[in-house]
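Heads up: the structure comes next, in structure tokens.
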Amino acid sequence: MTNTQPRFNYGGQAVIEGVMMRGSKALAVAVRTPKGEITMHTEPVSTALYSGPISRIPFLRGLSMLWDSLGLGMRSLMYSANVAAGEVGVEFSGPLAAGMIVVSLIFALGLFVVAPKWIASLFEASVGPLASALLEGVVRLVVFLAYLALVARMEDIRRVFAYHGAEHKTINTYEAGDELTVESVQKHSVQHPRCGTAFLLTVVVLTIFFFAPLNGLPFGVGLIFRILLIPVVAMVAYEYIRFSARHIDNPIMRVLIAPNLALQLMTTRQPDDSMVQVAIEALKKVLDFEHQQPIDLERMIP
């Protein structure tokens, strides 16, 4: 297969028994039903965001795309959950959606921001602010890795990680210009430089440098500023991941991103052929939209 499309970084996400793929015009979520069939959900994405002027403004594009991706990812995940429960068409909206997002954000802030700072603060008086800042970063990294290792032991999550591998393999196949068949896709790697896991690890490392100057502030004030700085850290991390993916053949860059790729061995699994087929169907649907003239995608939404 020859890739004749304008350069665009297709992205995706593993969901429950399926894969979401996102292009510049639409996203497609392919999910295998309890009966073994593949069902598909499509919806438009903001063309102004993914292929318009915003997509060419460094840092701003990262924040806007990450915020949009969070919403698209949550809706895709809930759609897959509805399919797994045999309730295709149940819409992710209302108090349930808002409540889940709020609880998830509070949990993440508590685990990855408050807890590391609190632990480091216990030693700040004896080791000094600089060493405390480094300790906070190390604790955050250990908590992050421990969390991934823990959830990776859950059987349902292991299947999601296998679909994660299928997503990476399929995108790697397309970007290599190879044919989108199960046999061809299975030959490719489960690792990808633009993976969300790589982004999260980059965020964790960057917080060491961004949060260090805040160590002289009172505990509560320092936490508030840390939370306010998270979008800034995310923007920088996004640009780094984007830059590293575009210079993947550079030997120095290969060394720098080695930890990001290695970490993906925790968040991906080798998928079976049925999982790969689901990922292929999702990407093919997105590519169909890329080749079409503008259409009313609202009518495509189940």
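Numbers for the structure displayed
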{"quantity": "Flag for GLU239 being in contact with a Phe, Trp or Tyr (Cβ under 7 Å, 6 or more places away or on another chain) and at pLDDT below 95", "calculated": "yes"}
{"quantity": "Residue under evaluation VAL102, criteria (1) surrounded by 13 or more Cβ atoms within 10 Å (Cβ to Cβ); (2) modelled with pLDDT under 85; (3) among the β-branched types (Val, Ile, Thr), criterion not met", "calculated": "(1)"}
{"quantity": "Residues satisfying the stated conditions in region 201-218, i.e. aliphatic (A, V, I, L, M), farther than 18 Å from SER69 by Cβ and part of a helix (DSSP H, G or I)", "calculated": "VAL204, VAL205, LEU206, ILE208, ALA212, LEU214"}
{"quantity": "Top-ranked residue in region 165-218 [being free of Cβ contacts under 8 Å to residues at least 60 places away in the same chain and within 18 Å of VAL278 (Cα to Cα); ranked as surrounded by the most Cβ atoms within 10 Å (Cβ to Cβ)]", "calculated": "THR173"}
{"quantity": "Flag for PHE107 being under 18 Å from VAL205 (Cβ atoms), within 19 Å of the chain's Cα centre (by Cα) and in a helix (DSSP H, G or I)", "calculated": "no"}
{"quantity": "Looking only at region 242-294, and only at residues there that are assigned to a loop (DSSP other than H, G, I, E, B) and of a type in the set (Val, Ile, Thr), the one that is farthest from the chain's Cα centre (by Cα)", "calculated": "ILE248"}
{"quantity": "Pairs with Cβ under 8 Å, 6+ apart, first in region 219-241 and part of a helix (DSSP H, G or I), second surrounded by fewer than 17 Cβ atoms within 10 Å (Cβ to Cβ) and among the small types (Gly, Ala, Ser)", "calculated": "PHE219/SER121"}
{"quantity": "Residues within region 105-153 that are crowded, with 17+ Cβ neighbours inside 10 Å, without any contact (Cβ under 8 Å) to a residue 60 or more places away in the chain and among the aromatic types (Phe, Trp, Tyr), tallied", "calculated": "0"}
{"quantity": "Of all residues making up region 8-42, the number that are surrounded by 18 or more Cβ atoms within 10 Å (Cβ to Cβ) and among the charged types (D, E, K, R)", "calculated": "4"}
{"quantity": "Elements of type helices (runs of 4 or more DSSP H) contained in region 118-200, each with 3 or more residues being basic (Lys, Arg)", "calculated": "155-175"}
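So that you can scan it fast, the table gives a plain yes or no per residue for (1) over 19 Å from the mean Cα position of the chain (by Cα); (2) among the aliphatic types (A, V, I, L, M):
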| site | (1), (2) |
| --- | --- |
| VAL114 | yes, yes |
| ALA152 | no, yes |
| ARG159 | no, no |
| LYS169 | no, no |
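The values are calculated or read from the model by the stated rules, or taken from the named source; none is laboratory data. All values derive from a computational prediction rather than experimental measurement. Ideal geometry is used to build each Cβ from the backbone, glycine not excepted, and the neighbour counts take in all protein chains shown.
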